[in-house]
Amino acid sequence: MRREHARRILAEARTIGVVRTDHLGDMVLTLPVVNALRQEFPSATIALIAHSRTAPLVEWAPGVDRCYFVDQLPFERVLRHERFDALFFPRARAEEAWQAWCARVPLRVGTRYRWWSPLYSVRIPDHRHTAEYHEAEYNVRMLEYITGKRYRVELLRPRIPESVRSEVSAILAGAGVEEPFLVLHPGGRGSAPRWEKFPVLAQMLAQQHPGVRIVVTGTFSETGLCAAISEAVPSAVNLSGKLQLSQLIALLDRAAVVVANSTGVLHIAAALGRAVVGLFPSEPPAQSPARWRPLGERAAVLANSPIDAISPQAVACAIEAVLSV
């Protein structure tokens, strides 16, 4: 399909969908294209097709009109329920491309370099694994390729309900945590290596900032990683496995600084405008900060390969730097 034709479809579109059915950080960095679509096509309905594990991010995102979760309503049924004029696929998946093709969605935007790419009507000539651009930029570039315009890449700040803020206030009060506090998040989904020196960092921070509580977060499966920190610093509050995602988001919104590996929590905190320190491998490019760094004025990145070559002292200095911004 020629880009002129694609532009006409978008200009007349009633419903535009963005399909991103993977994980938290991916969703945070996909929402900038939703923002660009909203700016360019203010009268269109913008729908997100996602997985329910990202539900609060999707439901609290400004500019999103409708949400569908494929683990609750399979994608092929979503396509029967909603008439999409255009679908954007920031993550290439053959099954999703095939279902959109079968549903005769007029405009299907995806990558050029997969064996199933002919199923897309517009194919974007970007190789994401080379990390020439940030992941959020890659997502926005899908729209830029069609319109020929440039859009500002902006993270969308979640609109946290007051009821959830109250829940987190009660959790913090019950744990005896007052502000300011800092969050250490030692886990991660596993797509990038984890930094293993969080307990040493926690001890250092407890000595340098005795009046600032350390709050440790993680999933239930990461309780061992989190327990190692609370064992090293008994005054640390370990909330691993105790927070729903909605509560975690509200907690991050109150943190003085968040330190995390390359994982969704880091990007959520950055979207909230918090000070963040991200720990990354420097290689390969597909896992490096070039593609996955947190965005924002109060974001610091430390990278090395192996990742444990990053020293706790360097992380502590980075924390001081972002807190001074």
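The values are calculated or read from the model by the stated rules, or taken from the named source; none is laboratory data. Here the structure is a predicted model, which means the values were calculated and not measured. Here Cβ is always computed from backbone atoms with ideal geometry, including for glycine, and neighbour counts include all displayed protein chains.
Of all residues in segment 177-197, how many are closer than 18 Å to Val276 by Cβ, out of contact with any helix residue (DSSP H, G or I) (no Cβ under 7 Å at 6 or more places or on another chain) and in a loop (DSSP other than H, G, I, E, B)?
Going through segment 177-197 one residue at a time, the tally reaches 5.
Got a number for residues in segment 5-30 being closer than 14 Å to His51 by Cα and in contact with a helix residue (DSSP H, G or I) (Cβ under 8 Å, 6 or more places away or on another chain)?
Result for segment 5-30: 11.
Among the residues in segment 42-52, are any free of Cβ contacts under 8 Å to residues at least 12 places away in the same chain, surrounded by fewer than 17 Cβ atoms within 10 Å (Cβ to Cβ) and out of contact with any Gly (no Cβ under 8 Å at 6 or more places or on another chain)?
Applying the first criterion (free of Cβ contacts under 8 Å to residues at least 12 places away in the same chain) to segment 42-52 yields 42-43.
This time we only want the ones that are surrounded by fewer than 17 Cβ atoms within 10 Å (Cβ to Cβ), so: 42-43.
If we keep only those that are out of contact with any Gly (no Cβ under 8 Å at 6 or more places or on another chain) as well, we get 42-43.
For segment 42-52, residues free of Cβ contacts under 8 Å to residues at least 12 places away in the same chain, surrounded by fewer than 17 Cβ atoms within 10 Å (Cβ to Cβ) and out of contact with any Gly (no Cβ under 8 Å at 6 or more places or on another chain): present.
Could you please find all residues in segment 158-176 being surrounded by fewer than 17 Cβ atoms within 10 Å (Cβ to Cβ) and part of a loop (DSSP other than H, G, I, E, B)?
Arg159, Pro161, Ala175, Gly176
So in segment 69-93, with the set limited to residues that are closer than 15 Å to Thr21 by Cβ and free of Cβ contacts under 8 Å to residues at least 24 places away in the same chain, which one is farthest from the chain's Cα centre (by Cα)?
Arg77
I'd like to check something: does segment 203-210 contain any residue that is modelled with pLDDT under 95, outside any helix (DSSP H, G or I) and over 23 Å from the mean Cα position of the chain (by Cα)?
Among the residues of segment 203-210, at least one is modelled with pLDDT under 95, outside any helix (DSSP H, G or I) and over 23 Å from the mean Cα position of the chain (by Cα), which makes the answer yes.
Could you tell me which numbered condition Asp126 fails, if it satisfies all but one of (1) surrounded by 20 or more Cβ atoms within 10 Å (Cβ to Cβ); (2) closer than 20 Å to Glu40 by Cβ?
Evaluating Asp126 over (1) surrounded by 20 or more Cβ atoms within 10 Å (Cβ to Cβ); (2) closer than 20 Å to Glu40 by Cβ leaves (1) as the failure.
Checking the structure you have, find out if any residue of segment 291-307 is of a type in the set (Asp, Glu) and farther than 23 Å from Tyr133 by Cα. Reasoning before the result, please.
We begin by selecting, within segment 291-307, every residue of a type in the set (Asp, Glu); these are 297.
Right, trim to farther than 23 Å from Tyr133 by Cα and you get none.
No, segment 291-307 has no match at all.
Under 8 Å between Cβ atoms, at least 6 apart or on separate chains: pull out the pairs that start in segment 178-196 with a residue that is without any contact (Cβ under 8 Å) to a residue 60 or more places away in the chain and end on any residue that is hydrophobic (A, V, I, L, M, F, W, C).
Here the result reads Glu178/Leu172, each pair linking segment 178-196 to a residue that is hydrophobic (A, V, I, L, M, F, W, C).
Kindly provide the set of residues from segment 15-41 that are among the hydrophobic types (A, V, I, L, M, F, W, C) and either outside any helix (DSSP H, G or I) or crowded, with 23+ Cβ neighbours inside 10 Å (or both), ordered by number. Walk me through it before giving the result.
Start the filter on segment 15-41 by keeping residues that are among the hydrophobic types (A, V, I, L, M, F, W, C), which leaves 16, 18-19, 24, 27-29, 31, 33-34, 36-37, 41.
Within segment 15-41, Ile16, Val18, Val19, Met27, Val28, Leu29, Leu31, Val33, Val34, Ala36, Leu37, Phe41 meet the criteria.
Which of the strands (runs of 3 or more DSSP E) found entirely inside segment 254-325 contain at least 2 residues meeting this: among the small types (Gly, Ala, Ser)?
In segment 254-325, the matching strands (runs of 3 or more DSSP E) lie at 275-280, 299-303.
Quick one: which of Pro74, Pro90, Pro106 is under 25 Å from Leu245 (Cβ atoms), of a type outside the set (Asp, Glu) and surrounded by 15 or more Cβ atoms within 10 Å (Cβ to Cβ)? Break it down stepwise before answering.
On the way: Pro74 fails: surrounded by 15 or more Cβ atoms within 10 Å (Cβ to Cβ); Pro106 fails: under 25 Å from Leu245 (Cβ atoms).
The unique qualifying residue is Pro90.
Can you find even one residue in segment 1-14 that is at pLDDT below 95 and of a type in the set (A, V, I, L, M, F, W, C)?
Within segment 1-14, one or more residues are at pLDDT below 95 and of a type in the set (A, V, I, L, M, F, W, C).
Is it fair to say Val200 is in contact with a Leu (Cβ under 6 Å, 6 or more places away or on another chain), in contact (Cβ under 8 Å) with a residue 24 or more places away in the chain and outside any loop (DSSP other than H, G, I, E, B)?
Working: in contact with a Leu (Cβ under 6 Å, 6 or more places away or on another chain): no; in contact (Cβ under 8 Å) with a residue 24 or more places away in the chain: yes; outside any loop (DSSP other than H, G, I, E, B): yes.
Criteria not met by Val200.
Yes or no: Ser324 of a type in the set (Ser, Thr, Tyr), over 15 Å from the mean Cα position of the chain (by Cα) and at pLDDT 95 or above? Can you show your working first?
Numbers: of a type in the set (Ser, Thr, Tyr): yes; over 15 Å from the mean Cα position of the chain (by Cα): yes; at pLDDT 95 or above: no.
Judged against the criteria, Ser324 is not a match.
Give me the residue from segment 130-173 that is among the aliphatic types (A, V, I, L, M) and in contact with a Lys or Arg (Cβ under 6 Å, 6 or more places away or on another chain) and, out of that set, nearest to Ser246 (Cα to Cα). Break it down into steps so the answer makes sense when it comes.
Step one: filter segment 130-173 for residues among the aliphatic types (A, V, I, L, M), giving 131, 136, 140, 142-143, 146, 153, 155-156, 160, 164, 168, 170-173.
If we keep only those that are in contact with a Lys or Arg (Cβ under 6 Å, 6 or more places away or on another chain) too, we end up with 131, 146.
Details: Ala131: 31, Ile146: 35 Å.
The selected residue is Ala131.
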